[in-house]
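Data first, discussion second: the structure below is written as structure tokens.
Values in this text are rule-based calculations from the coordinates and carry no lab data. Keep in mind that what you see is a predicted model, and the values were worked out from it rather than measured. Cβ coordinates were reconstructed from backbone atoms using ideal geometry, including for glycine residues, and neighbour counts include every protein chain displayed.
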């Protein structure tokens, strides 16, 4: 039986310190829907997650950040945690890759603290978004219209608040990837 995402390729961008469930739940649900999912990182080999209050399990890296090309994927997923987006938002290659997905009209999905990456990439202004509550002010100061919802989608830019929202977050990614490219107006 064909899955709704058969033939689709999804990139998950992460580094050591990603929130364990925020990488694993979307990865597993997207794979179950038929997508080929690759973990891309500035690091090689493996990266280690943060699982609530302590270090979690390692995840194998499929591709080095510098080797990832927007044209090879249908969507990018950005797990949160505090460390992961904080390290990635100062990585020029990471920000350029995220912006490339947005500019190409592809699905861009960020959960928890990962909307920091959307802010850094210049994507937040004028968009409806949500995030983890501690960065609400950051999101609003970047010009986004923040709302307290489990998942917010604004023309293919998907955001969620926390691990409790991962089911809705993952289902919205599947829906948006199936929908295809998004024509976006400038904010």
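Of note:
- Among 70, 40, a tally of other beta-carbon atoms within 10 Å of each Cβ gives an order, fewest to most, of 70, 40.
- Bridge type composition, the range 6-113 - antiparallel percent by DSSP, nearest 5: 25 percent
- Which of 101, 18 has the fewest Cβ neighbours within 10 Å, and the rest in rising order: 101, 18
- Kirkwood estimate for the range 9-178, i.e. one over the average of 1/r between Cα atoms, Å: 15.2 Å
- Mean Cα-pair separation over length for the range 9-178, i.e. relative contact order, pairs under 8 Å, 6 or more apart, %: 21 percent
- The relative contact order of the range 86-187 comes to 28 percent, based on Cα pairs under 8 Å that sit 6 or more residues apart.
- Per-residue extension of 0.36 nm, minus the Cα-Cα distance of residue 140 and residue 86, leaves a gain of 17.7 nm for this segment.
- With 0.36 nm allotted per residue and the present C-alpha distance subtracted, the residue 9-residue 69 stretch has 20.4 nm of extension available.
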